[in-house]
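Notes for the one structure printed next.
Coordinate-derived values only; no laboratory data. On a predicted model such as this, the values are computed, not experimentally measured, just so you know. Cβ sites come from the backbone with ideal geometry, for glycine too, and all protein chains shown count toward neighbours.
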Amino acid sequence: MATTYHELGHASHFALGGDRCYPWNNNSFCDDRDDLQDEILKESWAKYIEHHLTRQWFPNYNGDRSQNMTFTQMNNTFENNGVEGKYTSLFFDLNDNNDQSNNNRSPDRPIDRVSGYTTAQMQNALKNVSTLQGLSNNLLNYYSNDTQDNLQDLIDSYNENLEPID
């Protein structure tokens, strides 16, 4: 069931670009970036949706290994192209109130003092973006959030610590 929800997460993301998925659309589902930020957004969103929907039916579900991953683990999955390849905890970080970095005392984890973005807000912010900064800009432009002053720190921690390779 979790895999089905994961694939439905991809479908919901694709629908944001729909028939506009053509060279003039800069949606991460349609784009093909060398730095793999489009793939990070794509897979991290699907993983978040998988977890979110599966937990509605199975509250004890804990099959998501991308939540609370360190940057070392994320980078290893890029290099090994393993099961978790290109998955990050980005969308969990935007939603939950768990700062894995413990106020930046754990430097191998995202600086995550952001919380409270809803699934619908994050999905809407994915429209027409293929970069982490684009997602952040949309969240800031569309929504007011009590933790939005920390959003750039979160995005910067991803941009400075992820080392995706082709």
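Values computed for the structure shown
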{"item": "The stretch 84-128: C-alpha pair distances exceeding 17 Å, %", "result": "39"}
{"item": "For Asp96, residues with placed amide H under 5 Å, excluding near neighbours", "result": "Gly116"}
{"item": "Estimated inter-spin distance, Glu163 and His10, nm [label 7 Å along Cα→Cβ]", "result": "2.8"}
{"item": "Trp57 paired with Asn141, simple spin-label distance in nm, labels 7 Å along Cα-to-beta-carbon", "result": "3.7"}
{"item": "Added length on full extension, which subtracts the Cα-Cα distance from 0.36 nm per residue, Thr119 to Asp34", "result": "27.9 nm"}
{"item": "Within-13-Å neighbourhood charge of Asn97 [Cβ basis; K, R +1; D, E -1]", "result": "-4"}
{"item": "P(r) of the stretch 78-158 over all Cα-Cα pairs, binned every 5 Å from zero, in whole percent", "result": "3, 15, 25, 25, 17, 10, 3, 0"}
